[in-house]
Amino acid sequence: MTDIKHNLKTILSSIPEHVTLVAVSKTKPVPELMEAYKAGQRVFGENKIQEMVEKYEQMPKDVQWHMIGHVQSNKVKYMAEFVSLIHGVDKLKLLKEIDKQAKKHERIIDCLLQIKIAEEDSKFGMSAKDAKTLITSSELSGLKNVCITGVMGMATFTEDNQQIEQEFKRLKHIFDELKVYSSDNCKLKTISMGMSGDYQIAIACGSTMIRVGSSIFGARNYG
Ligand SMILES: *Cc1c(COP(=O)(O)O)cnc(C)c1O
């Protein structure tokens with residue numbers, strides 16, 4: 001058994017069935033993604049649109065591609081045809097562009113709202129208040145080609161597990177508060193939180209989707 005296959009099996013056997021594993025393959029070459037694919041993995045996460053498009057073209061068509069990175073509006077058009085979930089939506093303006101591009105392909109694109117839960121300034125995301133304003137806005141109901149299906153967050157990069165736990169608990173709490181605002185294009189069910197270093201904590205705090213890269217594919221040189 002190759003390392004990638006072994007790593008996948010180890011992670012999958014340690015997480016509950018209702019938790020979706022996104023294999024974060026950024027910076028990794030297609031043959032390594034194919035190893036994961038052959039081991040049964042179908043959900044892959046990338047953080048750069050160009051790289052995701054190139055891999056989409058080379059990989060089997062039943063792969064579900066998740067955009068987990070920060071998205072620039074002018075690049076949405078390149079992935080609108082195939083992306084299955086965009087994790088990092090943090091502005092109504094971006095949602096409008098996703099809607100516009102999805103419409104051209106007669107699709108509905110699922111999106112998560114990225115909520116800022118970390119202390120660091122470097123992490124993108126909206127406040128809970130802004131997220132509530134967005135999902136209750138009359139403008140959202142006009143965007144027929146997007147559906148907000150959950151929230152996403154990243155904890156502070158720290159060794160302090162208690163701090164990480166507090167941040168994940170906050171995201172779960174925000175999710176529970178927002179969940180009551182359901183509409184045709186807002187159906188919250190997903191909490192995307194947890195990476196290689198903290199996915200066990202995240203699951204204990206209510207995560208339903210973890211984004212794991214280095215624990216599957218090994219350390220990255222960059223990215
Ligand atoms: C790179 C990345 C991950 C995966 O990180 P690992 O520590 O390698 O598991 C998860 N989420 C986002 C948003 C990332 O950019």
Inset, instruction - Find the helices (runs of 4 or more DSSP H) located wholly in the stretch 22-114 whose residues include 1 or more that are buried (at least 16 other Cβ atoms within 10 Å of the Cβ), of a type in the set (Val, Ile, Thr) and under 17 Å from the mean Cα position of the chain (by Cα), and list them. - result: 49-58, 76-79, 92-104
Legend entry - Of the criteria (1) surrounded by 20 or more Cβ atoms within 10 Å (Cβ to Cβ); (2) touching a residue at least 40 places away in the same chain (Cβ under 8 Å), which one residue 141 fails: (1)
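Within the stretch 174-184, is there a residue that is within 30 Å of residue 108 (Cα to Cα) and within 14 Å of the ligand (Cβ to nearest atom)?
Within the stretch 174-184 (the criterion being within 30 Å of residue 108 (Cα to Cα) and within 14 Å of the ligand (Cβ to nearest atom)), the answer is no, since none of the residues qualifies.
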Legend entry - Test for residue 164: is it within 14 Å of the ligand (Cβ to nearest atom) and either buried (at least 22 other Cβ atoms within 10 Å of the Cβ) or not small (Gly, Ala, Ser) (or both): yes
Legend entry - the stretch 15-32, residues that are more than 14 Å from the ligand (Cβ to nearest atom) and either in contact (Cβ under 8 Å) with a residue 24 or more places away in the chain or touching a Phe, Trp or Tyr at 6+ places or on another chain (Cβ under 7 Å) (or both): 16, 18, 19, 30
Inset, instruction - Kindly provide the set of residues from the stretch 167-186 that are surrounded by fewer than 15 Cβ atoms within 10 Å (Cβ to Cβ) and part of a helix (DSSP H, G or I), ordered by number. - result: 173, 176, 177
Inset, instruction - Answer yes if at least one residue in the stretch 200-217 is crowded, with 22+ Cβ neighbours inside 10 Å, in a loop (DSSP other than H, G, I, E, B), within 15 Å of the ligand (Cβ to nearest atom) and at pLDDT 95 or above, and no otherwise. - result: yes
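To keep it simple, each residue is scored yes or no on (1) touching a Gly at 6+ places or on another chain (Cβ under 7 Å); (2) among the small types (Gly, Ala, Ser); (3) within 29 Å of residue 139 (Cβ to Cβ).
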position: 157; (1), (2), (3): no, no, no
position: 171; (1), (2), (3): yes, no, yes
position: 174; (1), (2), (3): no, no, yes
position: 182; (1), (2), (3): no, yes, yes
position: 189; (1), (2), (3): yes, no, yes
position: 198; (1), (2), (3): no, no, no
position: 213; (1), (2), (3): no, yes, no
position: 216; (1), (2), (3): no, no, no
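Give 52, 1 a once-over and let me know the one that is out of contact with any Gly (no Cβ under 6 Å at 6 or more places or on another chain) and modelled with pLDDT under 95.
Going through 52, 1 in turn, the sole match is 1.
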Legend entry - Selected residue (only one of 149, 156 is away from the ligand (no atom under 13 Å from the Cβ), at pLDDT below 95 and not aliphatic (A, V, I, L, M)): 156
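The values are calculated or read from the model by the stated rules, or taken from the named source; none is laboratory data. All figures in this text were calculated on a predicted structure; none of them were measured in a lab. Note that we place each Cβ from the backbone using ideal geometry, even for glycine, and neighbour counts take in every protein chain shown.
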